[in-house]
1. Can you give the net charge of the other residues whose Cβ lies under 11 Å from the Cβ of B:Ser66, counting K and R as +1 and D and E as -1?
2. Rounded to the nearest 0.05, what FRET efficiency do B:Cys111 and C:Lys214 have when you use their Cβ-Cβ distance and R0 = 30 Å?
3. Have a look at B:Met341, B:Ala385, B:Asn356 and report the one farthest towards the positive end of the charge dipole of the stretch B:300-416, computed about the Cα centre with Cβ charges (Lys/Arg +1, Asp/Glu -1).
4. Of B:Lys94/C:Lys136; A:Lys179/C:Lys136; B:Lys78/C:Lys61; A:Lys68/A:Lys95; B:Lys228/B:Lys248, which ones are farther than 24 Å apart at the Cα?
5. Once you put a point 7 Å from the Cα of B:Glu403 and another 7 Å from the Cα of B:Glu416, both along the Cβ direction, what distance in nm separates them?
6. By a straight-distance test (C-alpha under 20 Å), which aspartates and glutamates pair with A:Lys21 as possible cross-link partners, with residues fewer than eight away in the same chain excluded?
7. Using a Förster radius of 22 Å, what is the FRET efficiency between B:Ser332 and B:Ser295 based on their Cβ-Cβ separation? Nearest 0.05, please.
8. Sorted from largest down, what three extents in whole angstroms do the Cα atoms of the stretch A:19-84 have along their principal axes?
Amino acid sequence: MRNGIFIILVATILSSCGGYKLVNKGKEIEVGNSMFTTPFNDWNSSKDGDVVLWTMDGPMLQQIIFVKGAEDGDYLIPVRVNGTHTLDKKVPKFKKDMTSIEVVELFESTFKRLGAQNLEISNVRPYEAAKTKGFRFEFGFLTKDGLAKSGSTYGILKNKRLFMVIYSGANIHYYDKGKEDFEGIVRSLRIL
Amino acid sequence: MRVFLKCGCFCFAAVVLTACQMNKAVYERPLIDNDIILSSESKSSTSESYPYSIASLQPQQRPDVSSLEAGLWMSVEKAEKKSQTAGNRVTDKKLNDYVRSIVCRLAKEYCQDIRIYIMRVPMFNASMYPNGMMHIWTGLLLRARNEAQLATVLGHEIGHYLRRHSLQRFKTYMNTSNSLIFAQMALAVAGAPAVGDIMNIVARGSLAAFSRDHEREADGYGLLLLAKGGYDPFEASKIWKRSIREAKADKKYSSPSIFNSTHPQSEERMKVLNDLAGRVWTDETVTTGLDEYKSVILPLRASFLRDELDQRNFSSTEELLEILIEDGANLSELHFFKGEMYRLRRKKGDLDKALNSYRESLALGNPPSVVHRQIGLALRRQGDAQGAKDSLKKYLELNPDVEDAGVIRQIIEESEE
Amino acid sequence: MRYILGALMSVALLSGCVTTSFYTSKKLAPETKHIALVSPDVELSILNAGGMNEPQAEWTKLAEEHLSNSIRKKLKTLNVTLVDNQTTRELQAGDSQEVQLIKLHQAVGSTILEHQYNQPFRLPSKKGKFEWTLGKDVRYLKEKYGADYALFIYVRDSYTSPGRATAIVVAALFGVGIQGGVQIGFASLVDLNSGDIVWFNRLARTSGDLRTEKSSRETVSLLLNNFPQ
């Protein structure tokens, strides 16, 4: 995906699947594959195959991507070539033998392939959520157009499957706007 | 319908034939009237025998505001504004100053007309826009061995600018697309399906044929400017030799499609540039600029190599690493990345190869600090739990303050459970 | 920006309305004295028979002047001065704070076109609301330009070449639809205290002319449709 911005790509994939549904605040919702969470505020949800995307103000401004139990040989996030439906085969896949370090590496390659420029990952650390020992990290990047974005991610490896909640938003205003909600979503995660 | 399809194929064969008839003469042209760039009182460079009749740009020349060329420049200026603040622009000052100095050494009085933008794209390319905006991709900086090889490509791009190749291509494209729509309509009326695609190929083919001659002419300029800039002209063909080795290593490499490649075949370029190098050779001392190049590029090379790995064209990357290892600069880093390449590729036997490369990197004495961590990850995948643990511990021991220490400890603990 | 162009193009022929505007208030804040025209993006071109746009530098230069003059006159009737100088027009790569605000505006503008105008992709949490902002960081622009609001303009105006006109007629004979010249664009007004987009207007039609002072007034009045008074 060399000619576009990542979020535009995601927006295109997802919009092809029939728009957004309301996620009500304060109610527990099953994101999919026995992954549950409770948001503080109203969000809008859209999905493309196994990937679920939530946003408050539009995916170009801020978004949460849920990776809900990727299995051996699955893509972390499917990348399409230039906004078409053709899958980009040059993206690495999740393997069941991966450690958290290799998942961070997988995340990095996938995001770069999605168009993130100057991607910097920081503060990779252990983190417990959904009663499971997982990991967290922060990241920053520029879209191809040069808009600066930040992100924060939580991930766990459970029964050889990968669950992740990937939050990102524009540095100005939008990242901060959804950050507390993201923390709440991570804290209220339940994976059965 | 069949008639139309045949017609399409014939046209495209005809295009190929004309393209193939062009030869060394196009490369040589800049060498014949080689004073166009170098004397300040430039002569008109139009020549009747030459297929393109557009005069070269003069230093600091700007197109007339009512011209098609001005419209082209305006559009590109908008693109240039975006390039200025693009996410993948490399802003490293030392690198920018260095490349700029090479451009000026080559372009002389055109120096101020050309603005460089180094873009983080892991492929072997550079491009010139009609208004003097030049993009240089980091994949080129990774692949050139020395300053002279980089200058070969920069000089080639300057040639495109001087000879206004974009304007010529734009005019052709306008004319081609104009006649195309009527042809397409006629075919659509006749009921021929999918002719749009065929017509597109014809248009693309003829465009490519046109621009391949631009490439040849620009190569000639590159060579000339290289020699006049005091560089060893025999370096010009060497960068093509390297590129050919890499392309051949790619499993998907077959004879390059004439339609997918706007550039002349690398073999032709390599050969002709080598033949012509002697013609521009001067008795003055020439340089390859190897030391200068290394001092600027090597500190940045690891990030270029990481981007290269993300392309996941492992066969060609393997050959590229081989070429760089033959060059011999910072071998420890190169063997480390070779190990990374095998670890990520995951083909049978790759873990052993990865471990060998990591160990080679260690033996050479100057490996990146994560080498023990990567050895640990590779051993863990091989099922050697104890070896993995020892390497991860060694990594923490040597880098006690490292950011990912927490998760590494977690991985060690899990292996003990 | 190519994305914006695509989004605008797709509506050009589909929707019946020439302009559609959204606003949070019909009035400018009291004491409004200055509005800055930030980094306007205008391009005029000829659409040739093959459907390629030939950009026209001379027309574009004139259109930019006409647009700026017409907006200045319009604002004068509201006792507001237009700040339109070289520094508001040039995106200074060195001023990263301003660059980021302008890029954010592009992202918000694209989002409005996608999720506010485009019915199937509306965000249910924003149902019935027009609620978009760049955040309080815009005060940087307030300081820099001494303005109360920032006005952003994006226009692409293409004219049918004789060749294209012929193609359209020929195609019509065979029932094949080919698009002629179009005028598309959007304008947005940002409150430089709150960062809120208080007014947003989309223009899309297959006529209009920015090449002369006189005809550009008509375009500007459409482009500034429902502009707060």
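Readers should treat all values here as calculations from the given coordinates under stated rules, not as data from a laboratory. These numbers come from a predicted model, not from an experiment. Cβ sites come from the backbone with ideal geometry, for glycine too, and all protein chains shown count toward neighbours.
1. Overall, the nearby charge balance is -2.
2. Efficiency, from the Cβ-Cβ distance: 0.10.
3. Toward the positive end, the furthest listed residue is B:Ala385.
4. The answer is B:Lys94/C:Lys136; B:Lys228/B:Lys248.
5. So the two model labels end up 2.7 nm from each other.
6. List returned: A:Glu30, A:Asp42, A:Asp48, A:Asp50, A:Asp57, A:Asp181, C:Glu114, C:Glu131.
7. Values: r = 18 Å, r/R0 = 0.80.
Step by step, r from the Cβ atoms, then E = 0.80.
8. If we take the Cα atoms of the stretch A:19-84, the spans are 35, 27, 16 Å.
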